[in-house]
1. Within region 48-71, is even one residue under 10 Å from the mean Cα position of the chain (by Cα), at pLDDT 90 or above and surrounded by 13 or more Cβ atoms within 10 Å (Cβ to Cβ)?
2. Return the pairs, sorted by first residue and then second, in which the second residue is buried (at least 17 other Cβ atoms within 10 Å of the Cβ) and outside any helix (DSSP H, G or I), the first residue lies in region 71-84 and is in contact (Cβ under 8 Å) with a residue 40 or more places away in the chain and at negative phi, the beta carbons are less than 9 Å apart, and the residues are 6+ apart or on different chains.
3. Mind counting the residues in region 51-89 that are assigned to a helix (DSSP H, G or I), closer than 13 Å to residue 18 by Cβ and touching a helix residue (DSSP H, G or I) at 6+ places or on another chain (Cβ under 6 Å)?
4. If you go through region 5-39, how many residues are surrounded by 13 or more Cβ atoms within 10 Å (Cβ to Cβ), at pLDDT below 90 and assigned to a loop (DSSP other than H, G, I, E, B)?
5. Output the number of residues of region 90-101 satisfying the condition of being touching a helix residue (DSSP H, G or I) at 6+ places or on another chain (Cβ under 9 Å), outside any loop (DSSP other than H, G, I, E, B) and buried (at least 20 other Cβ atoms within 10 Å of the Cβ).
């Protein structure tokens, strides 16, 4: 669902905001990469398909790369908490690109892992 600043609007109960500055926010800013590419980078990053060398080539410094690895670990270990919830962000509803879709897909998988691990 799309978050809005319209007067009188409120997030539905049980919905979780997944934009910045939450831990669920996409660290690949659309201002820098464009909307579609930032979502693709977010998906690859969460899947572990975006390594240090790629990030370095994208002009991330070593400290930023280390911070991205720590953030990824926090997101992956917390994904089961957002499974089954509606997620809200600022992506336009008309866009086929939204990092919340990646989070939903991965959260459901991680929730299944948590069930089997318990």
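The values are calculated or read from the model by the stated rules, or taken from the named source; none is laboratory data. All values derive from a computational prediction rather than experimental measurement. Quick reminder, even Gly has a Cβ in these numbers, built from the backbone with ideal geometry, and neighbours come from all protein chains shown.
1. Among the residues of region 48-71, not one is under 10 Å from the mean Cα position of the chain (by Cα), at pLDDT 90 or above and surrounded by 13 or more Cβ atoms within 10 Å (Cβ to Cβ), which makes the answer no.
2. Correct list of pairs: 71/27; 75/24; 78/24; 82/16; 82/18; 82/24.
3. Result for region 51-89: 1.
4. Of the residues in that region, 5 qualify.
5. Matching residues across region 90-101 total 1.
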